[in-house]
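The values are calculated or read from the model by the stated rules, or taken from the named source; none is laboratory data. As the structure is a prediction and not an experimental result, all values here were calculated from the model. Positions of Cβ are generated from backbone atoms using ideal geometry, with glycine treated the same way; all protein chains shown enter the neighbour counts. Just so you know, the surface numbers come from the protein's heavy atoms only, side chains and all, with ligands and any DNA or RNA stripped out. Shrake-Rupley method; radii C 1.70, N 1.55, O 1.52, S 1.80 Å.
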Amino acid sequence: MGQQPNQTAPVLNKAVPVRHPGRWISAVLILGVLFVFLQSLVTNPNFRWDVVGLYILDTKVVQGVGWTLLLTVASMVLAIVLAILLAFMRQSENPIFRWSSWAWVWFFRGTPVYTQLVFWGLVSVLYPKISAGVPFGPELFSVDTSTVITGLAAAILGLGLNESAYLAEIFRAGLKSVDRGQMEAAEALGMGKTKIMWRIILPQAMRVIVPPTGNETIGMLKTTSLVLAVPFTLDLTFATNTLANRTYLPVPLLIVAAIWYLVITSLLMVGQHFIEAYYGKGVDNLAPAAINPAAAKAAAAVAPSAFAEPTLKMDFPEEEAK
């Protein structure tokens, strides 16, 4: 018997890869602009990279970085504490708490932060002394306002109170993102409201709260450049501006400030990434949720076999009688 000729099945549908010319064109344009920009940075002598290298680790600049970090951390801590309180007040059944929280957010979110910083710088003019005593009676103690509310304290108060209004809305949105059934189920198990909030509600709300709070922290880092309005003159922006006025070279000192802000912002973004991954376990697919081996084994033992034939229940009484 002779060999049968090879018979190949006819190609009914030949798949053609989808072409994306727009991607290539946009990539070429972006790379071209990037190349021109980098070439300008390297070849333009007006950037004065030698001056940038000279002042990037200057003592005044490094001290300015430290003060800027202190302002950022202290202001955010104050803002977070106030925002948590304001968010709970906004969720309260007490109408006085709700309207007080609303009025706080309305005022501090509705006025510019620069105006608030100027106000805190002039608070000692409005109130020269802080005193306490009996109304219409003797004064118990008194202290000069300028000795209590210094430039640093005024800057922290101005930045923190302004930021608390924005964070309060972020925290309120995070709390409302958790389904009310979670609290009802926890109450059915006999858990107290405080324990429900810390063990059930907040861990789920943090997934919504963390990303915008990280953005606000980065924004606060750059908003510290406005504390000159107090005036507070030790931050990074003021330090580089002082050196620029002394050397008559504003561009390289602006680059020094920009480099430091970029470095700090990059570190904050890395920290934000890991915090988001921690609170997003099992939801954002950034990291798998931890599985209890004992619980998984028990669930597998209880679950019906995939190969078992399902039993059908007759829904017709006359058929069952037959």
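Things to note:
- Residues of segment 98-142 with amide N under 20 Å of a point placed 7 Å along Cα→Cβ from residue 169: 98-117
- Note on segment 118-171: Kirkwood radius taken over Cα pairs, Stokes-Einstein applied at 10 °C and 1.306 mPa s, translational D equal to 123 µm² s⁻¹.
- Anisotropy class of segment 11-120 from Cα gyration tensor, a/c 1.5 cut: oblate
- With θ taken as phi - 60° and the Karplus curve 6.51 cos²θ - 1.76 cosθ + 1.60 applied, the whole-hertz 3J(HN,Hα) list for segment 213-218 is 5, x, 4, 5, 5, 5 Hz, x standing for glycine and proline.
- Amide hydrogen neighbours beyond the local backbone of residue 129, cut-off 5 Å, H modeled: 145
- The slack between residue 153 and residue 254, meaning 0.36 nm per residue of separation minus the straight C-alpha distance, is 33.7 nm.
- Shape of segment 55-172 from the C-alpha gyration tensor: oblate (a/c of 1.5 or more and a/b not above b/c, with a ≥ b ≥ c the square roots of its eigenvalues).
- Pairs exceeding a 30 Å alpha-carbon distance, out of 60/222; 193/297; 176/281: 193/297.
- Across the alpha-carbon set of segment 185-232, the Rg to Rh ratio works out to 1.35, Rh being the Kirkwood radius.
- Ordered from longest to shortest, the equivalent ellipsoid semi-axes for segment 150-248 are 43, 13, 9 Å, each the square root of 5 times a Cα gyration tensor eigenvalue.
- Relative to the current alpha-carbon distance between residue 26 and residue 88, full extension at 0.36 nm per residue lengthens the span by 17.5 nm.
- Peptides 209-219, 240-250, 124-134 ranked from most to least packed give 209-219, 240-250, 124-134, packing being the mean of other C-beta atoms within 10 angstrom over each peptide's residues.
- Computed over protein heavy atoms with a 1.4 Å probe, the accessible surface of segment 135-205 works out to 58 Å² per residue.
- Across segment 116-130, coupling constants 3J(HN,Hα) worked out from phi with the 6.51/-1.76/1.60 Karplus curve, θ = phi - 60°, read 5, 5, 4, 4, 5, x, 9, 5, 5, 6, 6, 10, x, 10, 10 Hz, and Gly and Pro carry x.
- Simple label model, 7 Å out from Cα along Cβ direction - residue 139 to residue 63, nm: 3.6
- Neighbour-limited loop hits for chymotrypsin sites (Phe, Trp or Tyr not before Pro), segment 106-197 (at most 15 other Cβ within 10 Å; DSSP other than H, G, I, E, B): 136
- 3J(HN,Hα) along segment 74-91: 5, 5, 5, 4, 4, 5, 5, 4, 5, 5, 4, 4, 5, 5, 5, 5, 5, 8 Hz, from the Karplus curve 6.51 cos²θ - 1.76 cosθ + 1.60 with θ = phi - 60°, whole Hz, x for Gly and Pro.
- Length gained when the stretch residue 246-residue 195 is fully extended (0.36 nm per residue, less Cα-Cα span): 12.6 nm
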